[in-house]
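The values are calculated or read from the model by the stated rules, or taken from the named source; none is laboratory data. It should be emphasised that the depicted structure is a prediction, and the values quoted were computed from it without experimental measurement. FYI the Cβ positions are ideal-geometry reconstructions off the backbone, even for glycines, and counts take in every protein chain you see. The protein model used for the area step is the full one, side chains on, heavy atoms only, and it has no ligands, DNA or RNA in it. Shrake-Rupley method; radii C 1.70, N 1.55, O 1.52, S 1.80 Å.
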Amino acid sequence: MKFFEFGKENDRTLMIECGYLAKWYPGLMPFIDEAKKKYHVIIQAYDGFNDDEPDKVFHSIKDEAQSAADFIVDKLGGKLDILYGISLGGMVSNEILMDERIKVHTFIADGYTIMPMPTFKSEKVEKFYIKAYSSIIYSVLTKHQGILATILGRTKESISESLYTNVKKESIRNSVIMEIGYKYKFESFNKTDSYIFHGSAERTAARKVHKLKKNGIHFCHKMFRNIGHAELIHKNPRALIRLIDKAYNGEL
């Protein structure tokens, strides 16, 4: 994985963890161009989803989180002002926050989605699931993006701009294996000042995260009209930066 930095002259740090099968360039550049005026912006490009390292393969969110945590410790002294996780990036961020070496002031999980993680008693069934589900993901990614756009409440054009279609089948397979038996690190929300953002197309996801509060998980939840899954960062960069500022200042 690689880290790309912008606005290094600024004191306040903002690390962005991207979503699953997503590419950061060029889709996030309109946001970065605005954010770098006041933030030291750091983008993590995951293994397997980065044209700068086409031969690398994605292994797990834990591996990506470990690399991010090491970067924060080595380059930022273990302190990060704002951690912004998009979709799957929210799960990566959860893992980062669990690292005792790290201190994060504000965490924002945009498009945070809680999915039932599969478990299997039969090895034969597990192998069938891995093969079948990996094939479905690859087919949707490369041939049926319109289906994904409908599911996520976005246009096909916006989805196409965000997806990393050069992904290797091995990376997809590893991501499917990673999900089997995975345990969410919900308790990480309590380690910092946390926020969860959802668009109006994500009402099911929003209802699921609200249930976390009954289990003592603390966060502020915000909904945004006419926004699809993980689309907020693309729609209006300046407006999002104002929201991030308010979250950091405890004004949301």
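Along Cα→Cβ, 7 Å out, is where each label goes; now give me the distance between the ones at Lys37 and Ser135 in nm to one decimal.
It is 5.1 nm.
Using heavy-atom solvent-accessible surface (probe 1.4 Å) with all chains present, what is the largest-first order of Ser139, Ser194?
From most accessible down to least: Ser139, Ser194.
Is the chain best put as rounded, prolate or oblate by its Cα gyration tensor, with a ≥ b ≥ c the root eigenvalues, rounded for a/c under 1.5, and otherwise prolate when a/b is larger than b/c, oblate when not?
In terms of gyration-tensor shape, rounded.
Where the centroid of each part is defined by its Cα atoms, how far is the range 166-225 from the range 85-138 in Å?
8
For the range 1-138, what proportion of DSSP beta bridges, expressed in % and rounded to the nearest 5, is antiparallel?
Antiparallel bridges: around 25 percent, rounded to the nearest 5.
May I ask you to give the solvent-accessible area per residue for the range 87-224, in square angstrom, as obtained with a 1.4 angstrom probe?
I get 53 Å² per residue for the range 87-224.
If His198, His234, His59 are ordered by their accessible area, calculated over protein heavy atoms with a 1.4 Å probe, which sequence runs from highest to lowest?
Putting His198, His234, His59 in descending order of accessible area: His59, His234, His198.
Can you give the net charge of the other residues whose Cβ lies under 13 Å from the Cβ of Thr142, counting K and R as +1 and D and E as -1?
Here the count lands on +3.
At 0.36 nm per residue, and after removing the present C-alpha to C-alpha distance, how many nm does the segment from Asn249 to Ile147 gain when stretched out fully?
Fully extending the segment from Asn249 to Ile147 adds 32.8 nm.
In nanometres, what is the gap between the two model label sites at Tyr182 and Arg12, each 7 Å from Cα along Cα-to-Cβ?
It works out to 3.1 nm between the two label points.
What percentage of the solvent-accessible surface of the chain, computed with a 1.4 Å probe over protein heavy atoms, is contributed by carbon and sulfur atoms?
Carbon and sulfur together cover 50 percent of it.
Taking the Cα of Phe3, stepping 7 Å toward and past its beta carbon, and measuring to each backbone N in the range 48-86: which are under 15 Å?
64-84
Please turn the phi angles of the range 33-45 into ³J(HN,Hα) values with the Karplus equation 6.51 cos²θ - 1.76 cosθ + 1.60 (θ = phi - 60°), one per residue in order, whole Hz, x for glycine and proline.
Karplus-based 3J(HN,Hα) across the range 33-45 equals 4, 7, 5, 5, 5, 9, 10, 7, 8, 10, 10, 9, 9 Hz.
Which cross-chain or sequence-distant (5 or more) residues have an amide H under 5 Å from the amide H of Cys220, H modelled 1.01 Å from N in plane?
Placed amide hydrogens put Ser194, Tyr195, Ile196 under 5 Å from Cys220.
Need the full-extension length gain, Asp52 to Lys208, defined as separation in residues times 0.36 nm minus the C-alpha distance. One decimal, nm.
52.5 nm
Which value in deg cm²/dmol, rounded to the nearest 500, describes the helix-derived mean residue ellipticity at 222 nm for the chain, given -39,500 (n - 2.57) per DSSP H run of n ≥ 4 and division by the residue count?
-12500 deg cm²/dmol
What spacing in nm lies between the two simple spin-label points modelled at Arg242 and Asp74, each 7 Å away from Cα in the Cβ direction?
Result: 3.9 nm between the two label points.
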